[in-house]
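Read through the structure below, which is laid out as structure tokens, and then see the notes.
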Amino acid sequence: MSAARTLPVVVSHAGDAPFTSGLRAFFAYRDLGIRHVTGGRVAAHVIRAVPGAGSHPVWHTHALDFQMVYVLKGWVRFEYEGVGEVLLKQGSMVHQPPGIRHREVAHSEDLELLEITLPAEFRTEAVEGPA
């Protein structure tokens, strides 16, 4: 058995945790409890569309080390500098490199996705879109 310190087991059930407001007003966020046991090194949350809110495409960047999005339900369209528009549907994943200029263009009313970030807290900055 390893002498290394292990993190506690974290279990989060859908019925146990509420969705709350967060970075984008047109999304609701459910924290999965990872940030607390990792000392803020990692965050995992489920994001879902707020019905009737629609998206508000704004070019921005995130100051973080890692960001991954996996679509659980519905669809979302992102636009990335140097790539163009990308449509993600149920089962699709995207790794968004640190600092890439991007925006969320549109999403379905039933969108739900899993997002993992390192670190848990990071700066988001509105930027000019690519020329």
Among VAL37, VAL71, VAL46, VAL42, the single one that is under 24 Å from SER12 (Cα atoms), in contact with a helix residue (DSSP H, G or I) (Cβ under 8 Å, 6 or more places away or on another chain) and of a type in the set (Val, Ile, Thr) is VAL42
All-but-one check, GLU79 against (1) touching a Pro at 6+ places or on another chain (Cβ under 8 Å); (2) closer than 28 Å to GLY40 by Cβ, failing number (2)
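So is ALA44 in contact (Cβ under 8 Å) with a residue 12 or more places away in the chain, of a type in the set (Gly, Ala, Ser) and within 16 Å of LEU118 (Cβ to Cβ) or not?
Judged against the criteria, ALA44 is a match.
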For segment 73-97 the number of residues that are of a type in the set (Phe, Trp, Tyr) and without any contact (Cβ under 8 Å) to a residue 24 or more places away in the chain is 1
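Rule-based calculations on the coordinates, nothing more; no lab input. As the structure is a computational prediction, the values presented were derived from the model and not from experiment. Quick reminder, even Gly has a Cβ in these numbers, built from the backbone with ideal geometry, and neighbours come from all protein chains shown.
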